[in-house]
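The values are calculated or read from the model by the stated rules, or taken from the named source; none is laboratory data. All values derive from a computational prediction rather than experimental measurement. Cβ atoms come from the backbone with ideal geometry, glycine included; neighbour counts cover every protein chain shown. The area values use the complete protein model at the heavy-atom level, side chains included, leaving out ligands, DNA and RNA. Shrake-Rupley method; radii C 1.70, N 1.55, O 1.52, S 1.80 Å.
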Amino acid sequence: MSLPTISPQKAAELLKQGAVLIDIREADEHAREKIPGAMHKPLSRIDAVDFGDTAGKVAIFHCRSGNRTQSNALQLAGAVACDAYALEGGIDAWKKAGLPVALDRKQPIDLMRQVQIAAGGLVVLGAALGWLVAPGFYALSAFVGAGLLFAGLSGFCGMARLLAVMPWNRRAAA
């Protein structure tokens, strides 16, 4: 089962009529950029969240691109006792439609983007140093690649854990 999708324009109309917009992204994503008025109910804690505030209303779930919402549609639809929709294209489509978002540039970018930036930077650095300085530096790229492979297979990302405790990420804690 999947949630029926709804365009950003139609979602905005329903919000004016009393629908509830629910942001299922994680705290670091929500802290940096959000749709004004959206409730924050992270997907990672969806089973422990009380959705009593949606009774008798229409619920519209959103994530960044719409993929996370559709991938978890059955769980999300079962979490509310009302009609539920998925925002087609997520907050990205909402912005493209020219609808308002609140952006807090003081908050760090989301953790997975930080992992991608750090991992990509280390791979490029290892390759450049291996080519320019000494072949032994290629091991840095191999180490990062092995770490990403391990993270994908196990669900544990050491780099994400390390970045999460960095001083610039402490502000996003909710």
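State whether one or more residues within the range 25-34 are open to solvent by less than 20 Å² (accessible area, probe 1.4 Å) and charged (D, E, K, R). Yes, there is a match, as at least one residue in the range 25-34 is open to solvent by less than 20 Å² (accessible area, probe 1.4 Å) and charged (D, E, K, R).
You will find that of Leu87, Leu3, Leu76, Leu99, the residue that is of a type in the set (A, V, I, L, M, F, W, C) and open to solvent by 30 Å² or more (accessible area, probe 1.4 Å) is Leu99 and no other.
This table checks each residue for (1) more than 14 Å from Glu29 (Cβ to Cβ); (2) touching a residue at least 40 places away in the same chain (Cβ under 8 Å); (3) of a type in the set (Val, Ile, Thr).
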{"residue": "Gln107", "(1), (2), (3)": "no, yes, no"}
{"residue": "Arg113", "(1), (2), (3)": "no, no, no"}
{"residue": "Ile117", "(1), (2), (3)": "yes, no, yes"}
{"residue": "Phe143", "(1), (2), (3)": "yes, no, no"}
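Can you find a residue that is basic (Lys, Arg), under 15 Å from Glu33 (Cα atoms) and at pLDDT 95 or above anywhere in the range 113-128? Checked against the condition, which is being basic (Lys, Arg), under 15 Å from Glu33 (Cα atoms) and at pLDDT 95 or above, the range 113-128 yields no hits at all.
Selection of first residues in the range 68-92 that are of a type in the set (Val, Ile, Thr) and of second residues that are in a helix (DSSP H, G or I), restricted to Cβ pairs under 6 Å at least 6 apart or on distinct chains, gives the following pairs, ordered by first then second residue: Val80/Thr54.
The set of residues in the range 138-174 being farther than 27 Å from His40 by Cα and open to solvent by 80 Å² or more (accessible area, probe 1.4 Å) consists of Tyr138, Phe143, Leu148, Leu149, Phe150, Leu153.
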